[in-house]
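Input: a single structure, listed below in structure tokens.
The values are calculated or read from the model by the stated rules, or taken from the named source; none is laboratory data. Since the model is a prediction, treat every value here as computed from it, not as a measurement. We place every Cβ from the backbone using ideal geometry, glycine too, and count neighbours over all the protein chains shown.
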Amino acid sequence: MLFYSFFKTLIGKEVTVELKNDAIITGKLLAVDQLLNVKMDTLKSDNALFPQFQTLTNCFIRGNTIRYISMSESLIDIQLLHDATLLELNEVKDK
């Protein structure tokens, strides 16, 4: 749930999603669910391998097709993410 909580804080911000098929899509994150499926709007895609993405304005991307999601470094609170990781690790150890 750590990544779900983190990505919920990025709603409304611009992120770049790289898919497992090497497509790269940049846009505003509208929604994310527990399976890390994402809904995006105001899309931009510069990938010449996927010209069909040039006409997209919004999309839904299944979480299992995502290789990684990148965002501006200014959107990341490293200390908060570090603390949340330690907290989740301690919860797993206590079980």
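Quick notes on this structure:
- Considering (1) modelled with pLDDT of 95 or more; (2) assigned to a strand (DSSP E or B), the lone condition that T26 does not fulfil carries the number (1).
- Taking the range 69-89 as the range and being acidic (D, E) and either within 19 Å of Q34 (Cα to Cα) or assigned to a helix (DSSP H, G or I) (or both) as the test, the residues that pass are E73, D83, E88.
- Residues satisfying the stated conditions in the range 1-31, i.e. in contact with an Asp or Glu (Cβ under 7 Å, 6 or more places away or on another chain) and surrounded by fewer than 15 Cβ atoms within 10 Å (Cβ to Cβ): L2
- Verdict on L81 being modelled with pLDDT under 85 and surrounded by 10 or more Cβ atoms within 10 Å (Cβ to Cβ): yes
- Filtered by the rule that a residue be assigned to a loop (DSSP other than H, G, I, E, B), on the phi > 0 side of the Ramachandran plot and surrounded by fewer than 15 Cβ atoms within 10 Å (Cβ to Cβ), the range 32-68 gives no residues.
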